[in-house]
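J.: Following this message is one structure expressed as C-alpha cells.
The values are calculated or read from the model by the stated rules, or taken from the named source; none is laboratory data. No experiment lies behind these values; they were computed from the predicted model shown. Cβ: placed from backbone, ideal geometry, glycine included. Neighbour counts: every protein chain shown.
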Amino acid sequence: MKRYAALTTILASLALVSMWPAASAQDVTATEEAPVTEETINETEGALPKVLQTLEAQGVEIVGELDTPADMKAYAAIAKQQPLAIYLTPDEEHVIIGTMMDTDGMDVTQTALEAATVKPWAERTWQALSESTWVADGSEDADRVVYMFTDANCPFCHKFWQQARPWVENDHVQIRHILVSVLTDTSAGKAAAILSADNPAQALHDHESAGPENGVTALESIPVEINEQLEANNDLMQKLQIEGTPGIFYFDEAGELLVQRGAPLEDSLEEILGKQ
C-alpha cells in the first residue's frame, strides 16, 4: 500500500533506529487479526511514557492505544502522513516500531491501525487546510478542490501552476494556494503583496503568468495581519511535515487523502486533478 511503502523512509528520517534500539517486530507472532473496537482504540489518557514523549518531540503524532493479539501495549501513531504501530516494552523505556506478523506472515494490526489513524488524520488535516489563509485558483463550482503549499519564488510551484491550466480553466479543479515563505528573503514580501492585493486571486494569476522572477514585487513592509497569516501558514506546513514546496494535498478516486511533494510527473496529473 502507498502508506506502508513509505515506512522505511519515515523511520530513517526520524532516526528512530539509532535512538530506540529494539528487537525486530517480526519476532512477535500471533494467530488472528486484531479486532477494532471502541474499547481497544481510544484517545491516549494521561501522560505518555517518556519514550513516547520523545517520539512526539521528533514529530510523531500519537493518536491512541492500539489493540494487539499479543500481550504487548501498543499505540497507533502518524509520522509524515503515514500510520505507524508503536509497541511499548514492559519497562516502558523502549519501543519497537514496525509490523506485527503472525505465523503465516500476515500483518495482524493493519486493519486496526488504519481504522485508528487514516480517517481521523484525513479529517483533521483537511479541516486545518481549509481554515488556513489561502488564495483560490479556479472556480468555486469546480469538480474538486486541491490544497497546495506555495512559495512565490518556487519554480516547481510555477511548473505545477502551468500543468494545471487545462483543469483549472475548464472548471475541473480549484487549487487553493496556501502561501508560505520558505525559499528566499523575498518570499514573505511577495506572498504579502498577493494576500494584500484588492483581488488576491488575480494577483496570484498575474504573478504565475509572469513567472516567479518577473511577477509581483515584494512588499518591503508587511502588514501585521498579513504577517500573522503567513506565520500561521508556515507553522501549518511544518506541522504537516511538508519540507518543501509545492506540497499538494488531494483526495484520490478511492477517497484517500494523499500528498504530492514537488511538481508531479505528467502521468500523475489526472490522479491529482481528476479527469479532463
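J.: Keeping to the range 124-158, report how many residues are assigned to a helix (DSSP H, G or I) and either within 20 Å of the chain's Cα centre (by Cα) or surrounded by 15 or more Cβ atoms within 10 Å (Cβ to Cβ) (or both).
T.: Within the range 124-158, residues that are assigned to a helix (DSSP H, G or I) and either within 20 Å of the chain's Cα centre (by Cα) or surrounded by 15 or more Cβ atoms within 10 Å (Cβ to Cβ) (or both) number 10.
J.: Please work out which one of (1) at pLDDT below 85; (2) assigned to a strand (DSSP E or B) is the condition residue 69 fails and give its number.
T.: Just one mismatch for residue 69, condition (2).
J.: Same structure again: Failed condition for residue 75, given (1) assigned to a helix (DSSP H, G or I); (2) buried (at least 16 other Cβ atoms within 10 Å of the Cβ), with all others met?
T.: With (1) assigned to a helix (DSSP H, G or I); (2) buried (at least 16 other Cβ atoms within 10 Å of the Cβ) applied to residue 75, the lone miss is (1).
J.: Now for a different question. If the requirement is being among the β-branched types (Val, Ile, Thr), at pLDDT 90 or above and outside the structural domain of residue 257 (by TED's automatic domain parsing), which of these qualifies: 111, 99, 103, 89?
T.: The match here is 89.
J.: Can you tell which of 174, 241 is under 24 Å from the mean Cα position of the chain (by Cα), of a type outside the set (A, V, I, L, M, F, W, C) and part of a loop (DSSP other than H, G, I, E, B)?
T.: Testing whether each residue is under 24 Å from the mean Cα position of the chain (by Cα), of a type outside the set (A, V, I, L, M, F, W, C) and part of a loop (DSSP other than H, G, I, E, B) leaves just 241.
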